[in-house]
Amino acid sequence: MEAIPLTDEMTIRNTDALLVVDVQNDFCPGGALAVPGGDEVVAPINRVMPLFALVAATQDWHPRDHVSFAERGGPWPVHCVAGTPGAELHPGLNGSEIDLFVRKATEPEVEAYSGFGGTNLAEQLRARGVRRIFVAGLATDYCVKQTALDATAAGFEVVVLTDAVRAVNVSPGDDQRALDEMAAAGVRMATTADLRPPSATPASGNQGGGGVRTEAHSRGREEQLKWQM
Ligand SMILES: [Zn+2]
């Protein structure tokens, strides 16, 4: 095993992206398919978004007669119907930090837990030079898991931010089983507290305060502009 200290490894690079999975009203308390504590991912996600040059967000975006709905014999209640308030991103999420929106499971007959399922997300990330993806959002045991597994299969390095995900836990322990399955596939685990701004290293004596964060953010925007040109 390489002996790269976690602190160095978790310094954010300009080839990293943050992928925010399905932080939508229907998956938060009060929603049609609420994940316990689902809204608790909003604060840690907002906190780390400025560290990343690229932030992508997926949305479950179903037609009204989607095959995953109970009325069609699927496992879930009607949720995240395209264009409804339940399908909107949680209002607490800092949408101005999101550079790329991806909608999935938009076909009536096709389920897609993964943000890579039936979308061009992998191509879009590759086109922007992304090599490593940090995954956060909902839910650990379904869309986060499948997104992380697909990202790994697509050749990206993948890190799941364990304090910024929450699980459905249809059966107790589903969350841990999902994390184990991801780890077995090569997905790394970290917390948002492990992440370091691009320009801050332990050796510099900089503790990652607000100034560094701002610098990282503005550099990220410059990079984003470059990508768009
Ligand atoms: Zn769905």
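Read the figures in this text as sums done on the coordinates, not as results from a lab. Predicted model, so just to flag it, every value in this text is computed and none were measured. Here Cβ is always computed from backbone atoms with ideal geometry, including for glycine, and neighbour counts include all displayed protein chains.
The table below gives the values:
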| read-out | value |
| --- | --- |
| ³J(HN,Hα), Karplus 6.51/-1.76/1.60, whole Hz, each residue of the range 14-24, x for Gly, Pro | 6, 9, 9, 10, 9, 10, 9, 9, 6, 7, 10 |
| GluC sites (Glu not before Pro) restricted to the range 1-86 and DSSP loop, no more than 16 other C-beta within 10 Å | E2 |
| Built amide H within the under 5 Å cut-off of V158, gap 5+ | I133, R188 |
| Percent RCO, i.e. relative contact order, over the range 6-228, from Cα pairs under 8 Å lying at least 6 residues apart | 26 percent |
| More than 34 angstrom apart: percent of Cα pairs within the range 6-228 | 11 percent |
| Residue-wise HN-Hα coupling along the range 106-117, computed from phi with Karplus coefficients 6.51, -1.76, 1.60 (Hz; x: Gly, Pro) | 8, 8, x, 9, 10, 8, 9, 6, 8, x, 8, x |
| Built amide H within the under 5 Å cut-off of R103, gap 5+ | Q59 |
| Sum of side-chain charges, M189 neighbourhood, beta-carbon under 11 Å (Lys, Arg +1; Asp, Glu -1) | -2 |
| Per-residue ³J(HN,Hα) for the range 82-99, Karplus 6.51 cos²θ - 1.76 cosθ + 1.60, θ = phi - 60°, Hz, x for Gly and Pro | 3, x, 8, x, x, 8, 5, 5, 3, x, x, 5, 7, x, 5, 8, 8, 9 |
